[in-house]
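The values are calculated or read from the model by the stated rules, or taken from the named source; none is laboratory data. Please read these numbers as outputs of a predicted model, since none were measured by experiment. Cβ: placed from backbone, ideal geometry, glycine included. Neighbour counts: every protein chain shown. Ligands, DNA and RNA are excluded from the accessible area calculation, which covers all protein heavy atoms including side chains. Shrake-Rupley method; radii C 1.70, N 1.55, O 1.52, S 1.80 Å.
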Amino acid sequence: MKTKSLHKDKVNIITLGCSKNMVDSEVLSGQLIANEIDVVHESGKKDHNIVIINTCGFIEKAKEESINTILDQVELKRRGKIDKVYVTGCLSERYKNNLETEIPEVDAYFGTMELPGMLKQFNADYKADLIGERLLYTPQHYAYMKISEGCNRTCSFCAIPLMRGQHVSRTIESLVDEAKRLVDRGVKEVMLIAQELTYYGLDIYKKRELPKLLHALADVKGLEWIRLHYAYPSKFPIEIIDAIKERENICNYLDMPLQHAANNMLQLMKRQITREEMEGLIGEIRNRIPDICLRTTLIAGFPGETRDDVEELKIFLQKMRFDRMGIFTYSHEEGTSAHSMIDDIPAEEKEERAQEIMEVQQEISLEKNQEKVGKVFKVLIDKKEAGRYLGRTEFDSVEVDNEVIIESKKKLTIGEFVNVKITKAYDYDIEGEVVVA
């Protein structure tokens with residue numbers, strides 16, 4: 001009689017959501033491999049018998065994608081194509097009881113901090129000595145590095161604290177060790193991520209220590225770019241900007257989600273900052289580093305948002321002229337303090353407002369790109385597509401920002417730096433040719 005237990009297990013991990021989830025999946029893979037279990041990530045092949053879905057539960061669209069992915073894998077299990085389905089991540093943390101009732105075909109659900117429990121399903125042990133070790137899913141030359149977990153902020157729209165808990169920092173020593181290991185594996189750029197970068201160190205060092213961490217990481221030999229994502233504007237430690245300015249290998253780049261500009265919206269969102277304070281902060285940052293790239297994220301359609309608020313936000317964008325901007329439509333999330341408000345703006349209107357705001361940014365982006373024409377930039381080559389190379393300057397992060405399109409008859413090496421003279425500008429990308437320094 002045939003039995004599948006004779007076959008060695010092979011696990012396919014499917015990662016949904018943000019880069020923080022990606023790091024969690026990489027860590028999980030590292031633990032499984034250390035326990036001699038075969039692992040693949042989002043494999044298109046059908047040679048695995050177990051699936052782990054690392055879900056996202058941030059906003060409605062993300063939750064829908066997670067549910068649909070679970071249902072797809074459960075259907076494969078029903079048809080005998082795979083043996084087991086496990087679910088972890090933010091959606092599972094937030095709605096575990098509901099999911100167990102609604103989709104009982106899943107073999108087990110785990111929250112965001114239950115890695116040891118999940119490993120037990122494979123008769124595997126959690127290896128504490130592997131902290132910082134992981135199987136990279138990114139190309140060899142860049143990696144994300146999560147410096148803390150959770151968030152102590154109380155933004156009214158945000159469900160992250162419900163799923164990720166309170167802020168917990170990693171030690172500077174552990175992060176420097178991880179950075180050294182990444183460099184040994186060929187990584188040239190690390191992107192520092194957290195729910196809230198500026199809180200770093202408050203819990204373990206009793207003060208904000210991101211600048212100290214930045215200097216320690218900048219000392220790691222071979223680490224050529226360090227990039228900062230997700231900094232909170234309220235009570236922003238300006239010493240962070242001084243560290244960026246002082247250290248050549250920290251990119252002149254800061255991702256600082258502002259969410260809105262109208263003071264009444266900022267107050268309802270519980271952002272603990274006013275428009276005037278944000279403008280002062282941005283002015284101070286640019287005064288210290290004039291060519292810094294500022295990226296922000298906004299929300300359209302928050303409860304009570306008026307046409308006047310939208311117009312104010314557009315004027316704010318035209319005045320501040322951010323280099324990069326992303327926008328979400330408001331998602332009415334249970335468990336958040338904004339859920340008690342009436343979600344009074346129709347979905348179509350939210351989308352229209354988001355598009356309207358994005359069009360303002362599109363014009364700014366084109367103008368800023370046109371200013372780069374004729375100038376030479378250091379560019380990291382990420383990939384080759386359709387006969388052309390695609391890379392990024394220090395002002396661009398992976399996937400969310402501009403790309404540099406490079407025509408080159410000479411073969412370029414993926415993961416290497418080249419100097420590129422910009423010849424053309426588009427709304428969100430620039431084009432150029434390699435020059436010898």
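A compact table of results
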quantity: Selection within the stretch 257-287 - more than 18 Å from Lys314 (Cβ to Cβ) and in a helix (DSSP H, G or I); calculated: Gln267, Leu268, Glu277, Gly280, Leu281, Gly283, Glu284, Ile285, Arg286, Asn287
quantity: Near pairs, Cβ below 6 angstrom, 6+ apart or cross-chain, from the stretch 252-281 (β-branched (Val, Ile, Thr)) to any residue that is open to solvent by 20 Å² or more (accessible area, probe 1.4 Å); calculated: Thr274/Asn263
quantity: Some residue of the stretch 220-231 being hydrophobic (A, V, I, L, M, F, W, C), open to solvent by less than 60 Å² (accessible area, probe 1.4 Å) and over 21 Å from Asp396 (Cα atoms); calculated: yes
quantity: Whichever residue in the stretch 41-70 is more than 20 Å from Asp107 (Cβ to Cβ) and part of a helix (DSSP H, G or I) and, among such residues, is most open to solvent (accessible area, probe 1.4 Å); calculated: Lys61
quantity: Those residues of the stretch 360-412 which are closer than 18 Å to Glu433 by Cα, of a type in the set (Val, Ile, Thr) and surrounded by fewer than 16 Cβ atoms within 10 Å (Cβ to Cβ), in sequence order; calculated: Val373, Val376
quantity: Which listed residue, of Arg153, Arg134, is among the charged types (D, E, K, R) and buried (at least 19 other Cβ atoms within 10 Å of the Cβ); calculated: Arg134
quantity: Test: Glu42 is at pLDDT below 90 and under 21 Å from the mean Cα position of the chain (by Cα); calculated: yes
quantity: Residue under evaluation Glu333, criteria (1) within 21 Å of Val400 (Cα to Cα); (2) under 22 Å from the mean Cα position of the chain (by Cα), criterion not met; calculated: (1)
quantity: Qualifying residue in the stretch 17-30 (condition: without any contact (Cβ under 8 Å) to a residue 60 or more places away in the chain, open to solvent by less than 30 Å² (accessible area, probe 1.4 Å) and either of a type outside the set (A, V, I, L, M, F, W, C) or not in a loop (DSSP other than H, G, I, E, B) (or both)); calculated: no
quantity: Residue list for the stretch 111-127, restricted to those being within 15 Å of Ile50 (Cα to Cα) and buried (at least 16 other Cβ atoms within 10 Å of the Cβ); calculated: Met118, Leu119, Phe122, Ala124
quantity: Residues of the stretch 340-359 satisfying the condition of being of a type in the set (Gly, Ala, Ser) and either surrounded by 13 or more Cβ atoms within 10 Å (Cβ to Cβ) or under 26 Å from Glu311 (Cβ atoms) (or both); calculated: Ala347, Ala354
quantity: Of the criteria (1) under 24 Å from the mean Cα position of the chain (by Cα); (2) under 29 Å from Tyr95 (Cβ atoms); (3) buried (at least 20 other Cβ atoms within 10 Å of the Cβ); (4) of a type in the set (D, E, K, R), which one Asp323 fails; calculated: (2)
quantity: Residues (assigned to a loop (DSSP other than H, G, I, E, B) and open to solvent by 20 Å² or more (accessible area, probe 1.4 Å)) located in the stretch 156-184; calculated: Phe157, Cys158, Gly165, Gln166, Arg170, Thr171
quantity: Among the candidates Cys251, Cys293, residue that is farther than 21 Å from Tyr199 by Cα, within 20 Å of the chain's Cα centre (by Cα), modelled with pLDDT of 95 or more and open to solvent by less than 10 Å² (accessible area, probe 1.4 Å); calculated: Cys293
quantity: Positions within the stretch 194-250 being part of a loop (DSSP other than H, G, I, E, B) and of a type in the set (A, V, I, L, M), in sequence order; calculated: Ala194, Val220, Leu223, Ala231, Ile238
quantity: Residue in the stretch 71-92 that is open to solvent by 40 Å² or more (accessible area, probe 1.4 Å) and among the aromatic types (Phe, Trp, Tyr) present; calculated: no
